[in-house]
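The values are calculated or read from the model by the stated rules, or taken from the named source; none is laboratory data. What you see is a predicted model, and the numbers here were worked out from it, not measured in a lab. Methodologically, a virtual Cβ is constructed for each residue, glycine included, from the backbone with ideal geometry; neighbour enumeration extends over all protein chains shown.
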Amino acid sequence: MKKDFSRRQFLQRSAGFAGAAAISPIFLKDPNPIPPRTMYVPPSDRVRFAMIGVGMQGSGLLAGAVTLPGVDCVGAADLWDGRHTLAKEITGNPNLFTTRKYKELLDRKDIDCIVAAVPDHWHKRVVVDATAAGKDIYCEKPMSHTAAEGVAMVEAQKKTGRIVQIGSQRVSSAVCAKAKEMIAAGAIGKVTLIEGTLGRNDPTGAWEYPPPPGLSLQNFDWDTWQSGATNRPWDADMSPKWFARWRCWKEYGTGVAGDLLVHLVSGMNFMMGWNEPPKKVMALGGIIRFPDGRNMPDVHAALYEYASAAGAPVYLRLNLGCENPEIYRFQGSKGILEVTEFGLAHYPQTGEDSAPSYYTSGYPQAMREAYFKEWHKEHDPEITKEPSTEILTLKTWDFDDMRPHLWTFFSSVKSRKPLTEDAVFGHNAALACHMANESYFRGGVPVTWDAATSTIKS
Ligand SMILES: NC(=O)c1ccc[n+]([C@@H]2O[C@H](COP(=O)([O-])OP(=O)(O)OC[C@H]3O[C@@H](n4cnc5c(N)ncnc54)[C@H](O)[C@@H]3O)[C@@H](O)[C@H]2O)c1
């Protein structure tokens, strides 16, 4: 049979992915650059904060925060004394006030706000106590350890009127802001499916962290650390593991859902302009790669229905048993928007036939030729008026960088202007994780969020 290629089809077929032509990446400038640390900020305008939790994440947040202009760390609380030393090292202040009791920080009138990076089972207490004490708070993700705790945290924000920001830093990234703008402007047309994926494949990536040598009841307050979750006597073998690897157990953590899926959900909600819990979730997974005594899955795939998605499925997959980069793929009638840690790519599609329908290979010759002739007459675009098939690629800073998100928080503490990732946003994102966990533990049955009773139902 005679091959019939229009000029447009030829151009598209020869140009690579989805028939589109790639252009070199453009570097996306940050729309809200952070001023340099050296910028003069008068004492009356400076923000004074204290840390609660100076562990793996808290140490990074502290190191990032002290590079921001007009922001001063004046104290730090942690239950392990080794982290008092660490806070002094990071701030370069050997006299930094440190304590095991975070309430001593909340009682101080000279502290404006708190940055908290404690394990998940402590989030609610820290947020409720800080807001009740009149402090604004940046609290790490996932906002809550349980759905009920999230409800109480939203209530605390509402009752006290304090600024609460949850720590999914993608929400303050330039790349996600650009993706949000493009989706809203119709770059991918009608959204038909959203997928997100992330994978790791090493013991550290799967939270088998090395417990600090010498951790003991002399330098660590074990009972306070585990309070609200368990009531275990100190166990010289297990307690240091629970302390360092708490993500592995549901008593303290929220598994791969609260650790990583929450980033995918928060970023997606931000880029799509959504702020709601999922309507329905079905999740499967298992402890497949790291059967080390943990009770949370190391592989977790969740399929979501969102009211605002108007039927488009959302499929998010986390895998601690195979390395793969964090990628979102927003698929729509006008193409694909792929968002990765350091940039985005837009693969446009016209959504229209670019050639006569191949169905007509089942027509007799004369009929087929007549159809071809007519088709070309009606569809071939005028030269120079062909639809754009260029792939747009933008490069930018890491969407995992915490400094922009910290800057959003401290700016809001000063201006009192509301911010995006507040307790309501954080709660909706955390609910998606709690629902994925609930469905997994119920064997993959669909679960829904019942707002009237604030419970997850199946
Ligand atoms: N946004 C991100 O990309 C990101 C990355 C890693 C961790 N996190 C989040 O940060 C939080 C902390 O994680 P981590 O890996 O740093 O944990 P970690 O165990 O390394 O550190 C937590 C620290 O909090 C301290 N702590 C616990 N309860 C306390 C209390 N009541 N008062 C004072 N200190 C207390 C512990 O002693 C510990 O030093 C978690 O919620 C985690 O999900 C976020």
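In the stretch 329-344, what residues are in contact with an Asp or Glu (Cβ under 7 Å, 6 or more places away or on another chain) and surrounded by 19 or more Cβ atoms within 10 Å (Cβ to Cβ)?
L344
If we keep just the residues of the stretch 111-129 that are more than 8 Å from the ligand (Cβ to nearest atom) and without any contact (Cβ under 8 Å) to a residue 60 or more places away in the chain, which is farthest from F220 (Cα to Cα)?
So, considering only residues that are more than 8 Å from the ligand (Cβ to nearest atom) and without any contact (Cβ under 8 Å) to a residue 60 or more places away in the chain, the one farthest from F220 (Cα to Cα) is V128.
Could you check G351 against (1) assigned to a strand (DSSP E or B); (2) more than 18 Å from the chain's Cα centre (by Cα); (3) small (G, A, S) and say which number it fails?
All conditions are met except number (1).
Looking at the stretch 220-261 only, could you name the residues that are away from the ligand (no atom under 11 Å from the Cβ), outside the structural domain of D400 (by TED's automatic domain parsing) and closer than 20 Å to E149 by Cα?
Of everything in the stretch 220-261, those that are away from the ligand (no atom under 11 Å from the Cβ), outside the structural domain of D400 (by TED's automatic domain parsing) and closer than 20 Å to E149 by Cα turn out to be T230, N231.
Quick one: how many residues across the stretch 118-144 are part of a loop (DSSP other than H, G, I, E, B) and over 14 Å from L106 (Cα atoms)?
Keep residues of the stretch 118-144 that are part of a loop (DSSP other than H, G, I, E, B), which gives 118-119, 133-135, 141-144.
Imposing the further condition that a residue be over 14 Å from L106 (Cα atoms) reduces the set to 118-119, 141-144.
Residues meeting the conditions: 6.
Quick one: in the stretch 145-203, of everything that is in a strand (DSSP E or B) and within 14 Å of the ligand (Cβ to nearest atom), which residue is nearest to E438 (Cα to Cα)? Outline the logic, then answer.
Looking only at the stretch 145-203, we keep the residues that are in a strand (DSSP E or B), and these are 164-167, 191-199.
Those still in the list that are within 14 Å of the ligand (Cβ to nearest atom) too: 165-167, 198.
Working: Q165: 25, I166: 22, G167: 23, L198: 20 Å.
The selected residue is L198.
I'd like to check something: does the stretch 261-273 contain any residue that is more than 14 Å from the chain's Cα centre (by Cα), modelled with pLDDT of 95 or more, within 14 Å of H434 (Cβ to Cβ) and not charged (D, E, K, R)?
no
Look at the stretch 408-435 and say how many of its residues are of a type outside the set (S, T, N, Q) and out of contact with any Pro (no Cβ under 9 Å at 6 or more places or on another chain). Steps first, please.
Within the stretch 408-435, the first condition is being of a type outside the set (S, T, N, Q), and the residues that meet it are 409-410, 413-414, 416-419, 421-427, 429-435.
Next, from what is left, pick out any that are out of contact with any Pro (no Cβ under 9 Å at 6 or more places or on another chain): 409-410, 413-414, 416-419, 421-425.
Looking only at that region, the number is 13.
Name every residue in the stretch 361-386 that is assigned to a loop (DSSP other than H, G, I, E, B), without any contact (Cβ under 8 Å) to a residue 60 or more places away in the chain and surrounded by 10 or more Cβ atoms within 10 Å (Cβ to Cβ), in order of residue number.
First, the residues of the stretch 361-386 that are assigned to a loop (DSSP other than H, G, I, E, B): 363-364, 380-386.
With the extra rule that they be without any contact (Cβ under 8 Å) to a residue 60 or more places away in the chain, the set shrinks to 363-364, 382, 384-385.
Correct list: Y363 only.
With L419, L406 as the choices, which residue is within 19 Å of L61 (Cβ to Cβ), outside the structural domain of M143 (by TED's automatic domain parsing) and in a helix (DSSP H, G or I)?
Details: L419 fails: in a helix (DSSP H, G or I).
Every option except L406 fails the conditions.
Across the stretch 283-308, what is the total count of residues that are outside any loop (DSSP other than H, G, I, E, B) and buried (at least 19 other Cβ atoms within 10 Å of the Cβ)?
Quick first cut of the stretch 283-308, residues outside any loop (DSSP other than H, G, I, E, B) only: 283-286, 299-305, 307-308.
Of the ones still in play, those that are also buried (at least 19 other Cβ atoms within 10 Å of the Cβ) are 283, 285, 299-304.
The total comes to 8.
What tally of residues in the stretch 430-451 results from selecting those that are farther than 18 Å from G286 by Cα and either in a loop (DSSP other than H, G, I, E, B) or free of Cβ contacts under 8 Å to residues at least 12 places away in the same chain (or both)?
2
Only residues in the stretch 83-110 that are under 21 Å from Q218 (Cβ atoms) count as the first member; pair them with residues that are away from the ligand (no atom under 11 Å from the Cβ), Cβ under 6 angstrom, at least 6 apart or cross-chain, and list the lot.
A87/L96; K88/P94; K88/L96
Those residues that are outside any loop (DSSP other than H, G, I, E, B), within 7 Å of the ligand (Cβ to nearest atom) and not aliphatic (A, V, I, L, M), I need them from the stretch 38-61; list them, please. Reasoning before the result, please.
Initial filter on the stretch 38-61 (outside any loop (DSSP other than H, G, I, E, B)): 43-45, 47-52, 56-61.
Keeping just the survivors that are within 7 Å of the ligand (Cβ to nearest atom) gives 52, 56-58.
The answer is Q57, G58.
Looking at the stretch 227-257 only, could you name the residues that are closer than 18 Å to G53 by Cα, in contact (Cβ under 8 Å) with a residue 40 or more places away in the chain and in a helix (DSSP H, G or I)?
Listed by number, the residues that qualify are F243, W246, R247.
I'd like the full set of residues that are within 15 Å of G55 (Cβ to Cβ) and not hydrophobic (A, V, I, L, M, F, W, C), limited to the stretch 208-225.
Scanning the stretch 208-225 gives Y209, P210, P211, P212, N219, D221, T224.
Would you say D72 is more than 10 Å from the ligand (Cβ to nearest atom) and not in a loop (DSSP other than H, G, I, E, B)?
It is true that D72 is more than 10 Å from the ligand (Cβ to nearest atom) and not in a loop (DSSP other than H, G, I, E, B).
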